[in-house]
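**Q** Below: one structure in structure tokens.
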Amino acid sequence: QVQLVESGGGLVQPGGSLRLSCAASGFTFSSATMSWYRQAPGKQRELVAHSYSISGSTNTADSVKGRFIISRDNAKNTVYLQMNSLKPDDTAVYYCRALRPGGSASWGQGTQVTVSS
């Protein structure tokens, strides 16, 4: 079955960096659009970044543009989120999502990122 396992979260000081990873299995990774979302306490889940399967292009939310970079390694079935210049407002649970051809979506369990001094 489809599995998405996020890792790399933790506690970091403002201005610091983290790299999240999402290891995928159970589907054809290279054909899926892979995305990162986040959800802060009391807020709705929001899109952080997409990595498109066909074009290879990426898209990031305005709130993280210039600080976060999404990338993927199709040979390793893994998508990454490099997060730089982290701010307290980036504190959230970060989720990986796979959108497969046909529209079927799957989510990981999430990884906590806390930005605090």
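The values are calculated or read from the model by the stated rules, or taken from the named source; none is laboratory data. Quick caveat, the model's predicted, so the values are computed rather than measured. Remember, those area values only see protein heavy atoms, side chains included, never the ligands or the DNA or RNA. Shrake-Rupley method; radii C 1.70, N 1.55, O 1.52, S 1.80 Å.
**Q** Report D for the range 59-116 in µm² per second (integer): Stokes-Einstein, Kirkwood Rh on Cα pairs, 37 °C, 0.692 mPa s. Could the numbers behind the result be given before it?
**A** Values: Rh = 13.0 Å.
Translational D for this selection: 252 µm²/s.
**Q** Right, another one. Please report, as a whole percent, how much of the solvent-accessible surface of the range 1-104 comes from carbon and sulfur atoms (probe radius 1.4 Å). Walk me through the numbers before you get to the answer.
**A** Details: 2510 of 5350 Å².
Heavy-atom surface of the range 1-104 belonging to carbon and sulfur, 1.4 Å probe: 47 percent.
**Q** Give a residue-ordered list of calculated ³J(HN,Hα) values for the range 50-66 (Karplus: 6.51 cos²θ - 1.76 cosθ + 1.60, θ = phi - 60°; whole Hz; x for Gly, Pro).
**A** Computed from phi, the couplings for the range 50-66 are 10, 10, 7, 6, 7, 7, x, 7, 10, 8, 10, 5, 4, 5, 10, 4, x Hz.
**Q** Based on the inverse mean of 1/r over its pairs of different Cα atoms, what is the Kirkwood hydrodynamic radius of the chain, in Å? Could you put the intermediate results ahead of the total?
**A** Details: mean 1/r = 0.0709 Å⁻¹.
Taking the inverse mean of 1/r over all distinct Cα pairs, the chain comes out at 14.1 Å.
**Q** Still on this structure: Tabulate in residue order the Karplus-calculated ³J(HN,Hα) for the range 23-32, using 6.51 cos²θ - 1.76 cosθ + 1.60 with θ = phi - 60°, rounded to whole Hz; enter x for Gly and Pro.
**A** Per-residue couplings from phi come out as 8, 10, 7, x, 7, 7, 4, 5, 8, 9 Hz.
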